[in-house]
1. Please list A:139-146, A:190-197, B:228-235 highest first by mean number of surrounding beta-carbon atoms within 10 Å per residue.
2. Using only Cα atoms and rounding to the nearest 10 degrees, what angle (0 to 90) does helix A:81-105 make with the longest principal axis of chain A?
3. Of the peptides A:176-183, B:406-413, B:380-387, A:67-74, how do they stack up when ordered by the mean number of other Cβ atoms within 10 Å, highest first?
4. Among B:194, A:445, which comes first, second and so on when ranked by fewest other beta-carbon atoms within 10 Å?
5. Hey, what's the per residue convex hull volume over the C-alpha atoms of the stretch B:203-421, in cubic angstrom?
6. Just grab the label-to-label distance for residue B:250 and residue B:210, each label 7 Å out from Cα along the Cβ direction, in nm (one decimal).
7. Find the all-direction average of the projected area of the Cα convex hull for the protein assembly as shown, expressing the result in square nanometres with one decimal place.
8. I need the per residue convex hull volume for chain A, using only the alpha carbons, in cubic angstrom as a whole number.
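Computed from the coordinates by the stated procedures, all read-outs in this text should not be read as laboratory data. Being a predicted model, the structure only gives us computed values, none of them experimental. Ideal geometry is used to build each Cβ from the backbone, glycine not excepted, and the neighbour counts take in all protein chains shown.
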C-alpha cells in the first residue's frame, strides 16, 4: 500500500505545482503531486518552451533570408515544417521527463489523475479524491492542499477553436502545414509570438488587437516600435479593431475586421485566437466551500491562502500576471509559509515579463504612464541600440532601452526593453528593483564591453542627463 | 574554533566592571575591529573591540550586568556554521539586584538552551544594533534620509534582516537622535557657536540621567532645617583634633550631614532601597554616594556602611575619595553601587534645588546653603542658620508619607546632633 497521507498535496504539475513539491521536499515535508496530463504543465508542454523552440527556427529562417549584409549567399533555402514542429515537441518531451526525474529524485510521488477536494477528516486533514476515467479512484489526505491547476485559452463566442481552421495556442504549436495566410486575434505575448513565428517562417500574417496598441501591457513607446518593426517585416497590424462574424468555408475563413467604423474582410487559411486565458477552476470540489472564485480565478490573500484553511492556490489559477515564474515564486513562498518560514508577499512590480517576438520585448515594473498615474514624478532615460557597438556588430540595431526612475528617491520604477536578446538582459534591472538599488548604484556598476547590456547602463545615465554614447 | 571574548580591564587597578551595552547581537557577523560592547564605569566607557572575526555565537553576560570580573568570558565567537559549544555558560547574576557579592559565581552546569544557529533565524537578525554599520538597501537609506528617519531605530525585514523600503515606510517617523540633530542649523545661535564633542563621561551622564529622569517617577519633598546646633557641635569636635599627624581631622558640615543621613536611613529603612520589577530590595548596609563635581562632569564616590562609621572616619574617607575622584584614580567599586546619594551645593550658596535619582537607588538628598534668617521660636523672633534640603524619591519604592517621615528624622538628627557622636 503506497502512502496516501502527506503534509502537502499539490494539485497540478506545472511550474507552480512541481516547484511547490520540490521545495516542500527540500524542507523535509512529505508531499505528492496530482497531475492528470503532463508534468511541467502548459509552460513546458504547450507554452513557454515549445514556442521558444519554434521561434528559434523562425529566427534561423529570418537570418537565412538576410545573409547578404554578412557576406553570405544562399539559394534555394527551404525547411521541413514537420521537422521544425517535431523539434519543438522533442524539446518539450525532454523537459517534461526532466521534471519527472526531479520529482523522483526528491522522492515526490506523482498520482496520475484529477484531484478534487473532498471534505475534511475527523483530524481536520484535507481529503483529496483522485480520479481518472478508467482507473480506480484514490483517496488521499494532507494537512495542506495547494491548488495549481493553471489556466487554458479563453474562448470567445463565434471564434471557438475548431482544431482545423481556428486554432488556439495548442493547434498553433502542432500545425499540420504552414498556413499561407494567417490572422491572429489578440496581441498579448501569446498572439504576438505566434504572429512573429509564422511571419518569420514566411506566412502572410495579420495581427488584430482590440486595444489602441499592440502589447497593451507594455510601455507605449515599446508598443509603437514593436508595431513599426512588425510592419517593416511585412506583417499587417490592426489596432482598435473589432472582429465581426467569421465565415468559414472548407479551406479558409473570412474575418470581418472593423477599424474606425470601416470594415475590411480578411480571407485567411487559419485564425489563431489568443484573447487571454481562463483559470481551471472546474471539478476541483470548490463548490460548497469557502473558497471564492472571481472570474475563473481562485481568490487568495497575499500569501496564496484561500477562504478554506489549509487550502492554497498559486499560479495562473490564482490570477494575474499569467507567468510561469510568478507561479514558481508563489509556489516557493506558499510552501515556505506552510513550513513556518517568514515570507513576504509578491510585489508584481518586481516580476519581469518577456515576449519572444522579433525584436524581443522585456520589461519590469512601472511603465512611464503608470508611474505618473501612481503619482510619481519621474525621470526617464532612453538609449537606442543603434548607438551600441555590439548591437551594430551583430546587425541587431533595432530597438531601445528605457528606464523610469522616481525623481525623489532614485528608485528604478520600471525598465522597458525592445531589441535583440533583451529577454536575457531584463534580469539585471529586476535585480536592481528587488535589491532596491537606486540610480547611483546602477550608474556605478561597470558593464562589460562590448555587450548590448551596456545600453542598460546608458539608459540609466540618460535618465540623469548623462548618456555617454548618444 | 569557538573563541571566548573576555572582560577587559579598564585600568591596572580594575578588578570588575559593568557590561553596559551590547552593540552586536547573537548571530551578528563580527569582523576584527568591530565594537562588540561597551564596558562602563562612571568615569569612562570603554569599547570592547573584536580581535577575531566570526559570528557572535552567544552572549554570556547580559547588558547592564554589574560587577563582571576582569577576564571573565562575556561572549563566544564562533565560525560561520559552527555550533556554540555546550559548555558556554553564562555566569549567573541578576543585574537588577545590586548584590554585596563582588565576585561573580560561575554557574556549575550549562543550561541546555538550544542556541539558534545563525542560519536558522535569518529574518530576526536585528538591525537595531547596527549603530556602526547599518544593513539597509540603498533605496531604504535614501528614503530614510529624506524622511529624517534613523535607520538604527528601524528593524529590517528583508533577507538576513536587511532594512528594505517597506521597513522604512512602515516606521513611524522617529526623529534623528540628538547627536545628529545637534548639527541642524536651527541649533546654531545667531552669534555663532562652537561644537564640543562629547566626552565618554558626558555621554554616560547624558544617557544615565535621561534614563533615570524618564523612567523613574520622581517626586520631591523639601524641609527647612536649622544648622546652628550642628555647627556648634562641629566646632567643639574640631577643637579636639590634634594640630597635625595622622589622627588630626577637620569635620565639614557635609561629613556630618552624611552621617545624619545614614542615621535617618537606619531609622526609616524603606528609603534605603531599590526598585526591581519583582520586588523591593531593602539594603542592609547604608552606602552613601556623594556627588563630586570633577572637571569633566561628576562622579559619586561611596562612603560604605556610613551608619557604622564615626564622623572622623567618614571625614577622612570622604576627603580621600574626593581627592582621588578629582585625580581620576577611583577604583570601580569605589563609585559603583551605593544605596543613597547626597548632592550638596551649599558651597555655591544656592537656596534650594532638586536632584535626579541615581539608579538603582530610591532617593537622593539635595542640600542647599545654610543661611542666617529670622525664625520664629515659640512666639519670639530669632536668628538661625537655616538650610533647605529636598529629597527626590522614587515613588515606586517610597511613598510621600515615608519620604516626609525620613526628612523629619533627618531634621531631628541634624537639629539634635548629639546622635551623630553616640
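1. Details: A:139-146: 22.0, A:190-197: 26.9, B:228-235: 16.1.
Going by the mean number of other Cβ atoms within 10 Å, highest first, we get A:190-197, A:139-146, B:228-235.
2. It is inclined by approximately 40 degrees.
3. Values: A:176-183: 17.8, B:406-413: 20.5, B:380-387: 14.5, A:67-74: 8.8.
My ranking of the peptides, most packed first, is B:406-413, A:176-183, B:380-387, A:67-74.
4. Working: B:194 4, A:445 13.
Taking fewest neighbouring Cβ atoms as first place, the list is B:194, A:445.
5. Numbers: hull volume 28.9 nm³, N = 219.
Measuring per residue, one finds 132 Å³ for the Cα hull of the stretch B:203-421.
6. For residue B:250 paired with residue B:210, the spin-label model returns 4.2 nm.
7. Numbers: hull surface 225.5 nm².
Orientation-averaged projected area of the Cα hull: 56.4 nm².
8. So the per-residue hull volume is 176 Å³.
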